[in-house]
Amino acid sequence: MRLSILSLLFMLAVMACHTTKPVTKGDTATAKISEATSDSTQYELIVMDARFDSFLATQPPKSFYSNQYLSNWNQQYVTEWNIRHNNTLRYGDFYETRIDYSPHIDYGIDLNYQLYNYFLFIEKEYGIVLIRRGKTPR
């Protein structure tokens, strides 16, 4: 009896330390790049997660990055995202929407900044590592 209570307390303590939202069936992340054309082409990122705006407000300002830096990372993230989107048997249906992002289009710093931070948001809020960053241990 005592051992089962200790085991239960240990499991609850471990679960309480987990800070990211677990991905459960029905969870999806949706981001879409929309083109709003008039005289000049403009792009807009539409994120369907109410928590994203709060997360974005806590990030370094877009002037902290160069557009090229953001674009390079976004290309890597989008490639991995779309691989997972296309392989639902392996990765599940979390990656509901394909993200159309072309390295040949200059989306501008505003969209690149938002998209980059969207991927950081997914990593932080859902605990999903899309791209391993930093040094790898030897």
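The stretch between Glu44 and Thr88, if pulled fully straight at 0.36 nm per residue, gains 13.2 nm over its current Cα-Cα span. Counting 0.36 nm for each residue step from Ser54 to Arg98 and taking away their Cα separation leaves a gain of 13.5 nm.
Remark: region 74-138 is approximated by an ellipsoid whose semi-axes, taken from the C-alpha gyration tensor as √(5λ), come to 20, 17, 12 Å, largest first.
Here each label is just a point 7 Å from Cα along the line to Cβ, and for Ile109 and Gln68 those points are 1.5 nm apart.
Every read-out reported here was derived from the displayed coordinates using simple, explicitly stated rules and does not represent laboratory data. Nothing here was measured: the structure is a model prediction, and the numbers come from that model. Using ideal geometry, Cβ is built from the backbone for each residue, glycine included, and neighbour counts are taken over all protein chains shown.
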